[in-house]
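I have placed the structure first, in the form of structure tokens, so that the comments after it can refer back to it.
Values in this text are rule-based calculations from the coordinates and carry no lab data. Model, not experiment: these values are computed from the prediction. Because the Cβ atoms are built from the backbone with ideal geometry, glycine has one as well, and the counts that use them run over all protein chains shown.
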Amino acid sequence: MNSKQVVLITGSSTGFGRLFAEALARKGHTVFATMRDPGGRNAKNASEIRTLAEKDSLPIYVLEMDVTDDASVERAVDAAVAKAGRIDVAINNAGYVVSGLAEAVTPEQAQRLMDTNFLGPVRVNRAVLPHMRRQRSGVLIHISSAAGRIIAPSMGFYCASKFALEALAEAYSYELAGQGIESVIVEPGQYETPVFGNVVTGADEARTDTYGAVKEIPAKVQAALSSSAGNAQEVANAVLRIIETPAGERQLRYFVSPQNFGVDEINALSKQVQAKILAAFGLAADTKFLKGKAVGTV
């Protein structure tokens, strides 16, 4: 891969995505910052990014993308490839939190959450992978969470979406290794981003009210998360380091957090277990990244 990458980022209007876009562009990487409705609900955010890019001569380009819409994803990826000629890195960052007792979260709310947090990356990866496989190089970065490894009461559906994302991202890492493509998982801990102000709460309040004192758990969890949040720039710096790491030398998982929840220990044990599973199926060689020896094409 070239030293300067072409990077597509989802959910770039605010938060981690916005920080990723600026941090990468300031290092000379070409960034396509995607977001929903840049001409409407995100017009102010899109304008700020464009103004920053013009003012500081940064290679950032705003594209419209709704990760819940197949056609929207395809259009954005096609536009990026048409302008830059390739996509080297796709950062699946778009996502949000649903908080509430599990029984109070409606099926409709759960479906919308999974459509963004899990199926969104599925759509993006399906759109970018044919391009990456033709060039026999690329990186898929999945912004998960500590909640993709550990569970807090009242965060069950959000955790489920991130657990699902982690499982798929790991499967990608095995299946794409021989194509010269890496799949990476970033697990941020508690960081101060607009996600705390955009939490969706369980809609069935009548059921919540039947839980007595337990119904206070969601508020307690959110207060704890907000009070101990770190500087989100740490995550942007970590993503920059990952992107600038040579092909074949990246880890599968990166836990980035101001607190230690035991996630590193879980990841270390998982790595050992997975190695045994791959060996038991006779897949150790098939799932190994062979730098410069990628096979297959589309």
Self-check item: Relative contact order %, the chain, counting alpha carbon pairs below 8 Å whose residues are six or more apart
Solution: 20
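In percent, what relative contact order does region 95-215 have, based on Cα pairs under 8 Å that are 6 or more apart in sequence?
Relative contact order, region 95-215: 41 percent.
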Exercise. Take every Cα pair under 8 Å in region 31-80 that's 6+ residues apart, average their separations, divide by the length, and report that relative contact order as a whole percent.
Key: 40
Quiz prompt | Surrounding net charge for Asp209, when Lys and Arg each add one and Asp and Glu each subtract one, Cβ distance under 14 Å | solution = -2
Quiz item: Which whole-Hz ³J(HN,Hα) couplings does region 144-160 yield from phi under the Karplus relation 6.51 cos²θ - 1.76 cosθ + 1.60, θ = phi - 60°, glycine and proline marked x?
Solution: 8, 5, 4, 6, x, 10, 10, 10, 10, x, 6, 10, x, 6, 5, 4, 4
Exercise. Return the lysines within reach of Lys288: Cα separation strictly under 19 angstrom, same-chain partners fewer than 8 residues apart disregarded; answer none if there are no such residues.
Key: Lys271, Lys276
Quiz item: Using the Cα gyration tensor of region 52-190, with a ≥ b ≥ c the square roots of its eigenvalues, what is the shape: rounded (a/c below 1.5), prolate (a/b larger than b/c) or oblate (neither)?
Solution: prolate
Exercise. Springs between alpha-carbon atoms under 10 Å, Gaussian network over the chain: tell me which of Ile277, Ile185, Ile60 tops the mean-square fluctuations.
Key: Ile277
Quiz item: When the Karplus curve 6.51 cos²θ - 1.76 cosθ + 1.60 is applied with θ = phi - 60°, which whole-Hz ³J(HN,Hα) does each residue of region 22-32 get, with x for Gly and Pro?
Solution: 5, 4, 6, 5, 5, 9, x, 7, 7, 10, 9
Practice problem: Specify the residue with the greatest mean-square fluctuation among Ala71, Ala280, Ala21, computed from a Gaussian network of the chain linking alpha-carbon atoms under 10 Å apart. | Solution: Ala280
Practice problem: Specify which labelled value, from (1) 19.3, 60; (2) 30.0, 95; (3) 23.1, 73, agrees with Rg and Dmax of the Cα atoms in Å derived from the coordinates of the model shown. | Solution: (1)
Quiz item: Using the eigenvalues of the Cα gyration tensor, what equivalent ellipsoid semi-axes result for region 1-132 when each is taken as the square root of five times the eigenvalue, whole Å, largest first?
Solution: 27, 17, 13
